[in-house]
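Inspection log for the structure reproduced underneath, given as structure tokens.
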Amino acid sequence: MNVKNYARFEIMSVPENVALARSCVAALVSQLNCTLEDLEEIKLVVSEAVSNCIIHGYEHRRDGKISILVTIYDNHTVEITISDFGKGIEDLDKALQPSFSTDPARMGLGMTFMKSFMDEMEVNSVPNEGTSVRLRRSFLIGDQEAYA
Amino acid sequence: MDVEYKQVRNTLVVRIKGELDMLVAGKIRQDIDRRLEEYHIKNLILNLEKVSFIDSSGLGVILGRYKKITAVEGRMFIVGARRPVEKILHFSGINKLIPMYRSEQDIINI
């Protein structure tokens, strides 16, 4: 499995950048053989991950830094890592439970969307250092095998 | 994000255009809630025909308004949701709480 392409970028933790992040990631992922529906799902998970950084990592502070790394591998796989350097998550197991939310306005669906629409999700967090979510999804190859 | 409000008796029609994420969720929530209180609105029709994207922040706005409307024994409808928005509404189960129709006309006809 070799890297075919990658992009790394950094954004400020402002709500205006959520749309920017999801559009940039989707533009890169569109280089894979995926459908428009797949791209919509990628946009959704990026939106959730970046919103989490702003809302939870930085508690709406606008001067935080969010780092995004998108890697495309030659086996039609994309890996997206979204990291903040904010307050971190005290109880990760609890945060990963379906519908757990410290922000009732978002229904606790963010993590559920990420888990549902990606093949793999890994969250690493250190209190007062930050949180990083790594998301991975394969296109085409996985589907072909599934239907073989 | 562009939002149009129309009131017909005690029903508020909200037509949203654009992407419904955390950037606009707070403002729309406040604007709808202010109208619900000021004009004693009982029923809410949310027209999502021109919404091209929704995430959990947007879903939160919808569910929060649903709770307010049901608290005053009103009715809420979602109108015109297209893919990918429609898919997310189904995935979240909101379609089981709030009836979804193709057009505003369809609600008038029921």
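The values are calculated or read from the model by the stated rules, or taken from the named source; none is laboratory data. Note that this is a predicted model, so its numbers are computed, not measured. Neighbour counts are summed over all protein chains in view; Cβ atoms, including those assigned to glycine, are modelled from backbone coordinates with ideal geometry. Heavy atoms of the whole protein, side chains included, go into the accessibility calculation; ligands, DNA and RNA do not. Shrake-Rupley method; radii C 1.70, N 1.55, O 1.52, S 1.80 Å.
Out of everything in segment A:51-80 that is assigned to a strand (DSSP E or B) and open to solvent by 40 Å² or more (accessible area, probe 1.4 Å), what residue ends up being nearest to the other protein chains (Cβ to nearest Cβ)?
The selected residue is A:Lys65.
Of the conditions (1) at pLDDT 95 or above; (2) outside any loop (DSSP other than H, G, I, E, B), B:Gly74 satisfies every one except a single condition; which number is it?
(2)
For segment A:7-44, which positions are assigned to a strand (DSSP E or B) and within 15 Å of the chain's Cα centre (by Cα)?
A:Ala7, A:Arg8, A:Phe9, A:Glu10, A:Ile11
Can you tell which of B:Asn43, B:Asn10 is open to solvent by 10 Å² or more (accessible area, probe 1.4 Å), away from chain A (no Cβ under 14 Å) and either within 12 Å of the chain's Cα centre (by Cα) or aromatic (Phe, Trp, Tyr) (or both)?
Only one candidate passes the filter, namely B:Asn43.
Taking interchain pairs and intrachain pairs at least six residues apart, which have beta carbon atoms under 7 angstrom, with the first residue in segment A:39-56 and touching a residue at least 12 places away in the same chain (Cβ under 8 Å) and the second surrounded by fewer than 24 Cβ atoms within 10 Å (Cβ to Cβ) and among the acidic types (Asp, Glu)?
Correct list of pairs: A:Ile55/A:Asp103.
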